[in-house]
Structure formats: C-alpha cells, structure tokens
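Below: one structure, written as structure tokens.
Every number in this text was worked out from the coordinates using simple rules, so none of it is lab data. What you see is a predicted model; the values in this text were computed from it and never measured. Positions of Cβ are backbone-derived with ideal geometry, glycine not excepted, and every protein chain shown enters the neighbour counts.
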Amino acid sequence: MKPPADLLITGFEPFGNWSNNPAGELARQLDGQYVEGCRITGRLLPVLYEHAARLAAEWAVEQPWRAILALGLRASQPGLSLERLAVNVRHSLSHDNAGRICRHEPIEIAGPMAVPTSWNNDRGEEALRQCGLPVISSYFAGTYICNEVMYAILRRLRLRRSRAPFAFIHVPLVNSGEQSLTMEALADGLLNVLRAALANL
C-alpha cells in the first residue's frame with residue numbers, strides 16, 4: 001500500500017510594518033501535523049518579487065502533493081478569503097523586503113491575463129464557517145507578491161498537468177479588532193479546509 005502523499009502549506013515572512021506575519025506563523029505551526037493520515041509540510045516564503053514566486057512554483061511540483069495551500073496576510077480585512085483568481089500583474093506602491101517597487105508589470109510576458117483557482121472555494125468557505133470563522137468573498141488576490149505566488153503556482157501546476165487542488169487564502173491579523181481571532185482558531189479552520197478538500201478528491 002502506497003503511503004499518503006503530503007500536503008504543502010506556504011506562508012510569508014514578516015514585511016512592511018508587520019513584525020509578525022500570521023500567514024508564516026500558521027505554516028510553521030501546521031508543519032508536521034496530520035490531516036486524514038496525510039502529513040503537512042509547512043514552508044516559509046520571502047517577501048521578494050520574483051524570488052518568492054519562483055520558489056513556490058518549484059515546491060508545488062517537487063512531489064505529487066495531495067493538495068497545496070498558500071497563505072498570505074491581508075491586514076485590512078477582519079476575516080479570511082479564498083481567492084478565486086490570480087492576475088498577470090505585478091503592481092504595488094509598497095516595496096518588497098529588498099526595497100523593490102513594481103508598477104504595472106506583467107508576471108509572465110504573453111501569459112494569460114488571469115488564472116482561476118483549482119480549489120472548490122465554496123466548500124472551502126463552508127469549512128471555515130463550520131469553525132466559526134468570518135469569511136469575506138474575494139475574487140482576486142490583489143497585485144502584490146501574494147498574487148504573484150498564486151499565479152506562478154497555478155501556471156506551473158497546469159504546465160505539469162498536475163491535478164493537485166491549490167488554494168490561496170488571505171488571513172487577517174490575529175488578536176486585532178472586533179473579531180479578535182486567535183492563531184489556534186485560524187489553524188483549526190485551515191485544517192478543516194484541508195479535510196474538506198481531501199474528502200472530495
């Protein structure tokens with residue numbers, strides 16, 4: 001009997017004004033845990049244009065993952081959002097951790113303008129709600145490095161004809177604002193999202 005393939009979760013290092021990034025902390029916290037007999041591998045991405053996307057795309061196809069989940073921080077929102085599209089644009093007034101600012105650049109010259117997620121977002125959102133977490137509808141992942149990573153992973157998975165479902169989830173700050181979400185609550189919700197995905201493979 002073949003052993004179960006692993007699940008990949010990526011998060012980001014701190015950036016900008018945030019000395020802690022819950023996306024990266026969640027990836028670290030979930031590393032080594034099991035869901036339905038599958039071990040989670042959690043990895044941390046740098047907040048660097050091009051480099052983060054290149055790393056994430058390489059990790060996405062280094063083995064036949066059962067599912068891949070990428071996490072990013074959206075500090076301005078009080079809930080979680082599963083992104084439906086990645087767009088072929090690299091643009092932000094905010095610099096990356098090397099001080100680089102990108103404006104109106106394509107991620108992939110001659111690449112598709114947008115790439116849809118390969119995850120069932122409706123089931124993912126329901127899995128979060130089952131854990132009592134607030135969910136905010138979102139149709140694309142912005143134009144900063146989160147979006148670039150989502151675009152690069154989806155493009156690489158399609159080029160390799162991989163059937164692994166992939167989702168990008170933006171998470172909020174923890175213990176901030178009216179919701180006061182905790183790391184434990186977010187981790188439980190993400191585990192339930194993975195559980196729902198595995199149940200439908």
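The sum of -39500 (n - 2.57) across all DSSP H runs of n ≥ 4, divided by the residue count of the chain, sets its helix-only mean residue ellipticity at 222 nm to -9500 deg cm²/dmol.
Over the chain, Cα pairs under 8 Å with separation of 6+ residues give a relative contact order of 28 percent. Taking θ as phi - 60° and the Karplus parameters 6.51, -1.76 and 1.60, the scalar couplings of the stretch 104-111 work out to 6, 9, x, 6, 10, 4, 6, x Hz in sequence order, x denoting glycine and proline.
Using equal-weight Cα scatterers in the Debye expression, the normalised intensity of the chain in log10 at q = 0.09, 0.11, 0.14 Å⁻¹ is -0.30, -0.45, -0.75.
Rounded to the nearest 5, the antiparallel percentage of DSSP beta bridges internal to the chain is 35%.
Note on Arg163 and Ser76: the model spin-label points, each 7 Å out from Cα along the C-beta direction, lie 4.0 nm apart. Gain on full extension, evaluated as 0.36 nm per residue between Ser137 and Asn17 minus their Cα-Cα distance, stands at 40.7 nm.
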